[in-house]
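One structure is given here, and the rest of the page talks about it.
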Amino acid sequence: MAARPPSSRSQRTTGSTCLHALSELLGLPLDQVNFVACQLFALFAAFWFRIYLSPGKTSPDVRHALVTIFGIYFVIFCFGWYSVHLFVLVLMCYGIMVTASVSSIHRPLMIVTQKITTLAFQVHDGLGRRAEDLSAEQQRLAVKVKPSFLEYLSYLLNFMSVIAGPCNNFKDYIAFIEGRHIHAKLLEVNWKQRGFHNLPEPSPTGAVIHKLCMTLVSLLLFLTLTKTFPVTCLVDDWFVHKANFLTRLCYLYIVMQASKPKYYFAWTLADAVNNAAGFGFSGVDKNGNFCWDLLSNLNIWKIETATSFKMYLENWNIQTATWLKRVCYERVPWYPTVLTFFLSALWHGVYPGYYFTFLTGILVTVAARTVRNNYRHCFLSSRALKVVYDVVTWAVTQLAVSYTVAPFVLLAVEPTISLYNLTGYELSASDMNPPQYLRMPQYFKCMILPNARFPHHQECMYHIISEMPAFNSKPLNTFHLLGTVLEAGDKMVRKIWKKIWKSVLVLWKG
């Protein structure tokens, strides 16, 4: 009898298929099973690495070599021949780094991952810029000697972070390998005043156990909540044709909440792996407790209780946000918010949904900042008003985030536009004709094809507004505020495109 061909599930990965039977048993894609298996193996390897290959017992070169070998194996196990792409890029970028001039070393490396761009800018700060031109943080992180090939490979391909991150700074990583990581943080505290005669030896075991418990809860939520409310719910017939507006809002919020546990699981487990190896110590808090959150990628409590878009973003994918801040926001000469969102979209990939999310994020960020600056002080006169403000802003923030990130998980254009239409047309009161409340297709047409009657985008938008009976009879200050924000955003985008076009012409002529 001929052998049965492998199922389509096992063919979805270019990595190892040795866990195919387990994948079929659990009903999960093989690439996800490989990922979790690697991370669990990395967790045990990290404990072994910290205990038996500590800096006091082993030389830095041996530690560099072993974490690199494990990392390379994990990459090949998960991605198979696709890993060649990663290895070629890593080797090419090292060649560029050691041969390029220090003044331009950061530019060609922007095409690859967070760690390479982080290292590129930090080497540029240390060797290509004057100390007085750097911020205090840039001076602290500046790399003043080009790394050796072994250090470079170890930083990029170490088994603790090669699969799921997080991104970290080169100097912090080298201090960890050489055994200076924890000691340097402890020296920042006056231990004699606390009754210690010698420096304590913080153990990450408690932090690792705590994070593993969070990982387990996230996994259970993923296997239950995420399976019960998949993102496909947002495009099914019931949601599109039968659900009313409030139901759609609630369902959108629930589905977006259900999509989070997989991120909580992956990032928290990756953090635990690094902590188990002894990496991630951030110092001592005000209560004297040892903190192991240097590499933490999220703060779940602050995410779920965020009362502003800014607070939400600051606690979600923290290391990526820090990377964007250090390589883009702090370095671009104009429109840092817009360009940072744009870089984030490019870094994530080419799915249209990513660009819908990050372009929407620009408007939401500007609008949220404007509302907060103009109205928050009105609610600080009493505790009761402050509570009301916090409750309202929490609800608005959670719904705004759900609306903003929905395209990120929908990925494609058609379901994204469908969702926008469903939530845009019915934001009116019950006596308002829904298609006249917010004509999204007409607005898009104005943005793309201004005509002779309305040559400017905002004029066309205002014309659409003037046709709305509800707004003619009862104008709203909130809508005027939104109109102001849109107008400012439109002018900003025009200026950006002019600068980009001028730069392209200069490069072309040069």
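The values are calculated or read from the model by the stated rules, or taken from the named source; none is laboratory data. This one's a predicted model, so the numbers in the text were calculated from it and none came from an experiment. Cβ coordinates were reconstructed from backbone atoms using ideal geometry, including for glycine residues, and neighbour counts include every protein chain displayed. These accessible areas exclude ligands, DNA and RNA; they are computed on the full protein's heavy atoms, side chains included. Shrake-Rupley method; radii C 1.70, N 1.55, O 1.52, S 1.80 Å.
Charge tally for residue 43 (other residues, Cβ to Cβ under 12 Å; Lys, Arg +1; Asp, Glu -1): +1.
Packing around the peptides 248-260, 278-290, taken as the average count of other Cβ atoms within 10 Å per residue, puts them in this order, highest first: 248-260, 278-290.
Look at where the Cα atoms of the stretch 132-151 and of the stretch 16-58 average out, and the two centres are 33 Å apart. Put simply, the C-alpha atoms of the stretch 201-317 give a gyration tensor, and the ellipsoid matching it has half-axes of 35, 16, 9 Å, longest first. Note on residue 61 and residue 189: the model spin-label points, each 7 Å out from Cα along the C-beta direction, lie 3.6 nm apart.
Counting only protein heavy atoms and using a 1.4 Å probe, what share of the accessible area of the stretch 26-80 belongs to carbon plus sulfur, as a whole percent? Its accessible area is 76 percent carbon and sulfur atoms.
Fully extending the segment from residue 387 to residue 51, taken as 0.36 nm per residue of separation minus the present Cα-Cα distance, adds 116.1 nm.
Extending 7 Å from Cα along the Cβ direction at residue 263 and again at residue 228 yields two label points whose distance is 2.1 nm. Other residues with beta-carbon under 14 Å from the beta-carbon of residue 160 carry, at +1 per Lys or Arg and -1 per Asp or Glu, a net charge of +2. Distance between the C-alpha centres of the stretch 221-248 and the stretch 253-295: 29 Å, rounded to the whole angstrom. The equivalent ellipsoid that matches the C-alpha gyration tensor of the stretch 134-285 spans semi-axes of 42, 20, 16 angstrom, in descending order.
When the pairs 171/211; 115/144; 115/325; 211/302; 146/185; 262/325 are compared against a 21 Å limit on Cα-Cα distance, 171/211; 146/185; 262/325 fall above it. Note on the stretch 23-176: the C-alpha convex hull projects to 10.4 nm² when averaged across all orientations. For GluC sites (Glu not before Pro), the sites in the stretch 279-343 that DSSP calls loop and that have at most 16 other Cβ atoms within 10 Å are 330.
Each Cα pair under 8 Å and six or more residues apart adds its separation to the average, and for the stretch 213-283 the resulting relative contact order is 47 percent. Extending 7 Å from the Cα toward the beta-carbon at both residue 379 and residue 178 defines two label points whose distance is 5.0 nm.
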